[in-house]
Amino acid sequence: MSENLEGQAKPKFTFAEGEVLLIDKPLTWTSFDVVGKLRNSIKPLKVKVGHAGTLDPLATGLLIVCTGKMTKQIDGFQAEDKEYTGSITLGATTPSYDLETEIDQTFDYSFITDKDILETAASFVGVQDQYPPAHSAIKIGGERVYEKARRGEEVELKARRVEIMEFEVEKIELPKVYFRIKCSKGTYIRSIAHDFGKKLKCGGHVSSLRRTKSGDFNVKDAWELTELINQVKELKNQAV
């Protein structure tokens, strides 16, 4: 975003009237962390701030944050199709289906061929029922299911109808398979990785994940979080 601002007038935010901010979420931050950081930066102005579409802590990329009157548009933004890139590591599983938890089982993957991988990826394209990971932000009884999972409690989740429009294998460097996936709202890439390894009979988990698009929005147009916060602070200082 900084390159786009060179030689241009600096943006003037109208948080109360409503802003749609595209943010490149940093690794290990939760989506709620990003919202909280932005909310604190615009104090003492009392404005609603919310995000459209949660990203896992170990995922980076496009996070849509709305303020003021634009928070009414959050449901619409969440309903848009998404695009992700990343990698699946074969030969090992984790309880969270990514690297947030430790590897619990390992498997031989030496028998897997490029053809197996390409055919398996193609089999995911279309409408299907998908089970979310037990370590997810879905609420049951008012509590996030990942909180139950972290306590070792059994979590029974219902399958959800999702659609995978595109599953492109970009590169194969076993045990890693690099991908680009376009999918409907509510799709868990972690579940795809887990099911991908299951179909190949060698286990699998997400080892990197980045959201690149959401509807017409692209991460190429997103703010780095630190850059955005500094810009907001600078505008506040100028207003004093």
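The values are calculated or read from the model by the stated rules, or taken from the named source; none is laboratory data. Because the structure is predicted, anything quoted here is derived from the model rather than measured. Cβ coordinates were reconstructed from backbone atoms using ideal geometry, including for glycine residues, and neighbour counts include every protein chain displayed. Remember, those area values only see protein heavy atoms, side chains included, never the ligands or the DNA or RNA. Shrake-Rupley method; radii C 1.70, N 1.55, O 1.52, S 1.80 Å.
Residue check: K46 meets all listed conditions (1) open to solvent by less than 60 Å² (accessible area, probe 1.4 Å); (2) at pLDDT below 90; (3) of a type in the set (D, E, K, R) but one, namely (1).
Determine whether V219 is hydrophobic (A, V, I, L, M, F, W, C) and crowded, with 22+ Cβ neighbours inside 10 Å. Considered against the rule, which asks whether it is hydrophobic (A, V, I, L, M, F, W, C) and crowded, with 22+ Cβ neighbours inside 10 Å, V219 comes out as no. From the list L62, L38, L55, L21, the lone residue that is among the hydrophobic types (A, V, I, L, M, F, W, C), open to solvent by less than 70 Å² (accessible area, probe 1.4 Å) and in a helix (DSSP H, G or I) is L38.
Which of the residues that make up segment 3-18 are surrounded by fewer than 10 Cβ atoms within 10 Å (Cβ to Cβ) and either at pLDDT 85 or above or not in a loop (DSSP other than H, G, I, E, B) (or both)? Within segment 3-18, E3 is the sole residue that qualifies.
The requirement of being aliphatic (A, V, I, L, M), buried (at least 21 other Cβ atoms within 10 Å of the Cβ) and under 20 Å from G186 (Cβ atoms) is fulfilled nowhere in segment 73-83; no residue meets it. Here T60 clears all of (1) in contact with a Ser or Thr (Cβ under 6 Å, 6 or more places away or on another chain); (2) hydroxyl-bearing (S, T, Y); (3) touching a residue at least 60 places away in the same chain (Cβ under 8 Å) except the condition numbered (1).
Which one is surrounded by the fewest Cβ atoms within 10 Å (Cβ to Cβ) among residues in segment 164-200 that are acidic (D, E) and in a strand (DSSP E or B)? The qualifying residue surrounded by the fewest Cβ atoms within 10 Å (Cβ to Cβ) is E173. Looking only at segment 114-128, filter to residues that are open to solvent by less than 90 Å² (accessible area, probe 1.4 Å) and closer than 17 Å to R161 by Cα; which one of those is modelled with the lowest pLDDT? Of everything passing the filter in segment 114-128, Q128 is modelled with the lowest pLDDT.
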